[in-house]
Amino acid sequence: MSGTYLGMPAFPEAAREAVGDPTLRGNLRHATHTIRAKRARAVSEVSDWAELREAGRRVKDHTLRHLDRHLLRLEAAVTAAGGTVHWAADADEANRIVTELVRATGESELVKVKSMATQEIGLNEALEAGGIRAYETDLAELIVQLGKDRPSHILVPAIHRNRGEIRDIFRAEMARWGRPAPDGLSDSPAELAEAARLHLREKFLRAKVGVSGANFMVAETGTMVVVESEGNGRMCLTLPETLISVVGIEKIVPTWRDLEIFLQTLPRSSTAERMNPYTSMWTGTTDEDGPDAFHLVLLDNGRTDALADEVGRQALRCIRCSACLNVCPVYERAGGHAYGSVYPGPIGAILSPQLRGTGSEIDASLPYASSLCGACYEVCPVAIDIPEVLVHLRERVAQGGPAVRAGNKVVLRPARGHAAERAAMRVARWAFARPRAMRAGQRLASRTRRLHPRTLPGPGRAWSGTRDLPAVPAEPFRDWWQRTNGGKGTAG
């Protein structure tokens, strides 16, 4: 990825500040609980949800195992349909390709469909540096852009803003970007939506270049798929003369039949709808309709590094539904900005450290941004075992070890601040391997339990500062087991 947000501290520090903001916590609690309840009702309507979930997992795993073959098939299909395919190894290359394509049209502005891939690579900033202005057209992304803010949710980027804050942003900033907000604009949802519609309409009709991502790419036909709820995507995809799509290489599915699965699970998991109001599909270009030129930029940017990790690669199954964010107790309290990435919440805690590596303070802290409650795994429509990957990445951070970075096999050094943890694990490993030492330690701990402190000293304070130190029982389990004859002595 292009890097963390500038100045971002480690997750615990950023989360501590967020938790102290009552307005933010109120906004997040209301929004996540509302979306969570609606999703549960939508999913309960589907009798074969478990089977759909398993089918989605299998399709994604198969695709990742044969990703090279499917990508080449996609390239051939897109090219045959009149499109042009570009390959981008990293953010810099992708930004350079898009900037050059826009410059070749002679235009200095463009409209954008909501795209996490372009946020990931910092495309808007790269275009601005090249003298090109990008206008976000998704309502939530428009709010974020006008407010000089950062997205904090995968589905609802402005989830941390309430209606009053949005009204104030529209009043203060719309005029600088185009059509000003209507006089006397209130915080009524209908009035806010109408103000955004009027503001964006002139941009849709004027723009000659559109930039999008894609929810899915069908290798069989070279078809791009964008699902959305507002209709702005349909405008961006059909009105401009040139369309540029920046898509992560993991968004591919082999066939149209595979697409059927995800068009059932994605809308119910994300917006709690039976189907998306707008599902736009296009294959290359045609003489009769749509853009005259189509360019597909296939983005790696750390994805093949993640693919090399047998445990961590399941994060690439993600279809960006955001269901895991809406059930996560950590996200609900800390918000998305604390994750220092465009991918917040549980999926961000496992995806960002794999795409960017764990060398920075924020990325080394993200695998610990979880209680490991498992709620994220239960709601994931492609069965990503996020807790498993979190534990796997914690081991990588604390102990280092082999990994793949920029396509090269490397041996990572342990992150700073985990020396005490590694020492404790070595002691535990030594004791667990020696039954006599383990038994003696347990008996000693039981006999001295009245002397045990309620909090841990030194580095252990970071653990016991937010948890109760478990009380040691009066009798070790081994002694109890022997005294009761393996539990049989208590049978009546």
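Summary of computed values
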{"read-out": "Contacts under 8 angstrom Cβ, first residue in the range 278-295 being in a strand (DSSP E or B), partner among the acidic types (D, E) and open to solvent by 40 Å² or more (accessible area, probe 1.4 Å), 6 or more apart", "value": "Y278/E230; A293/E241"}
{"read-out": "Condition check for A406: within 30 Å of R356 (Cα to Cα) and surrounded by 11 or more Cβ atoms within 10 Å (Cβ to Cβ)", "value": "yes"}
{"read-out": "Filtered residues of the range 122-144 (kept if outside any helix (DSSP H, G or I) and free of Cβ contacts under 8 Å to residues at least 12 places away in the same chain)", "value": "none"}
{"read-out": "Some residue of the range 250-270 being open to solvent by 10 Å² or more (accessible area, probe 1.4 Å), closer than 21 Å to A77 by Cα and under 21 Å from the mean Cα position of the chain (by Cα)", "value": "yes"}
{"read-out": "Odd one out for S245, checked against (1) among the hydroxyl-bearing types (S, T, Y); (2) part of a strand (DSSP E or B); (3) open to solvent by 10 Å² or more (accessible area, probe 1.4 Å)", "value": "(3)"}
{"read-out": "Set L412, L390: member being closer than 20 Å to P329 by Cα and open to solvent by less than 60 Å² (accessible area, probe 1.4 Å)", "value": "L390"}
{"read-out": "Subset of the range 232-242 (residues that are under 23 Å from the mean Cα position of the chain (by Cα) and open to solvent by 10 Å² or more (accessible area, probe 1.4 Å))", "value": "N232"}
{"read-out": "Selection within the range 456-478 - under 30 Å from G400 (Cβ atoms) and in a helix (DSSP H, G or I)", "value": "G458, P459, G460, R461, A462, W463, S464"}
{"read-out": "Filtered residues of the range 248-266 (kept if outside any helix (DSSP H, G or I) and either in contact (Cβ under 8 Å) with a residue 40 or more places away in the chain or among the acidic types (D, E) (or both))", "value": "G248, I252, V253, P254"}
{"read-out": "For L469: the one exception among (1) open to solvent by 80 Å² or more (accessible area, probe 1.4 Å); (2) in contact with a helix residue (DSSP H, G or I) (Cβ under 9 Å, 6 or more places away or on another chain); (3) at pLDDT 80 or above; (4) under 26 Å from A10 (Cα atoms)", "value": "(1)"}
{"read-out": "In the range 69-86, the residues that are farther than 14 Å from I244 by Cβ and out of contact with any helix residue (DSSP H, G or I) (no Cβ under 7 Å at 6 or more places or on another chain)", "value": "R69, L72, R73, L74, E75, A76, A77, T79, A80, A81, G82"}
{"read-out": "Output for the range 298-354, where each listed residue is more than 16 Å from I159 (Cβ to Cβ) and charged (D, E, K, R)", "value": "D300, R303, D305, D309, E310, R313, R317"}
{"read-out": "Residue list for the range 305-334, filter: under 18 Å from T358 (Cα atoms) and in a loop (DSSP other than H, G, I, E, B)", "value": "A308, D309, E310, V311"}
{"read-out": "Top-ranked residue in the range 44-53 [being open to solvent by 60 Å² or more (accessible area, probe 1.4 Å) and outside any helix (DSSP H, G or I); ranked as nearest to R274 (Cα to Cα)]", "value": "E45"}
{"read-out": "Single unsatisfied condition, A37 versus (1) open to solvent by 30 Å² or more (accessible area, probe 1.4 Å); (2) touching a residue at least 24 places away in the same chain (Cβ under 8 Å)", "value": "(2)"}
{"read-out": "Selection from the range 77-93 of residues that are part of a helix (DSSP H, G or I) and open to solvent by less than 60 Å² (accessible area, probe 1.4 Å)", "value": "A77, V78, A91, E93"}
{"read-out": "Which numbered condition I159 misses (of (1) open to solvent by less than 20 Å² (accessible area, probe 1.4 Å); (2) free of Cβ contacts under 8 Å to residues at least 60 places away in the same chain)", "value": "(2)"}
{"read-out": "Subset of the range 215-224 [open to solvent by less than 10 Å² (accessible area, probe 1.4 Å) and in contact with a helix residue (DSSP H, G or I) (Cβ under 7 Å, 6 or more places away or on another chain)]", "value": "F216, M217, V218, A219, G222"}
{"read-out": "Where M275 falls short, out of the listed (1) among the hydrophobic types (A, V, I, L, M, F, W, C); (2) within 21 Å of T105 (Cα to Cα); (3) without any contact (Cβ under 8 Å) to a residue 24 or more places away in the chain", "value": "(2)"}
{"read-out": "Positions within the range 257-310 being within 30 Å of R103 (Cα to Cα) and polar (S, T, N, Q), in sequence order", "value": "T279, S280, T283, T285, T286, N301, T304"}
{"read-out": "Condition check for A104: on the phi < 0 side of the Ramachandran plot, assigned to a helix (DSSP H, G or I), hydrophobic (A, V, I, L, M, F, W, C) and open to solvent by 20 Å² or more (accessible area, probe 1.4 Å)", "value": "yes"}
{"read-out": "Criterion violated by S341 - all others in (1) assigned to a helix (DSSP H, G or I); (2) within 13 Å of the chain's Cα centre (by Cα) satisfied", "value": "(1)"}
{"read-out": "Given (1) of a type in the set (G, A, S); (2) in a loop (DSSP other than H, G, I, E, B); (3) surrounded by 24 or more Cβ atoms within 10 Å (Cβ to Cβ), number of the condition A364 does not satisfy", "value": "(2)"}
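Residue-wise test of (1) open to solvent by 60 Å² or more (accessible area, probe 1.4 Å); (2) acidic (D, E); (3) in contact with a strand residue (DSSP E or B) (Cβ under 8 Å, 6 or more places away or on another chain); (4) over 16 Å from C324 (Cα atoms).
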{"residue": "P12", "(1), (2), (3), (4)": "yes, no, no, yes"}
{"residue": "R16", "(1), (2), (3), (4)": "yes, no, no, yes"}
{"residue": "L28", "(1), (2), (3), (4)": "no, no, no, no"}
{"residue": "A42", "(1), (2), (3), (4)": "no, no, no, no"}
{"residue": "A55", "(1), (2), (3), (4)": "no, no, no, yes"}
{"residue": "R58", "(1), (2), (3), (4)": "yes, no, no, yes"}
{"residue": "D61", "(1), (2), (3), (4)": "no, yes, no, yes"}
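The values are calculated or read from the model by the stated rules, or taken from the named source; none is laboratory data. On a predicted model such as this, the values are computed, not experimentally measured, just so you know. So basically every Cβ, Gly included, is an ideal-geometry build from the backbone, and we count neighbours across all protein chains shown. Areas reflect the complete protein model, heavy atoms only, side chains present, ligands, DNA and RNA absent. Shrake-Rupley method; radii C 1.70, N 1.55, O 1.52, S 1.80 Å.
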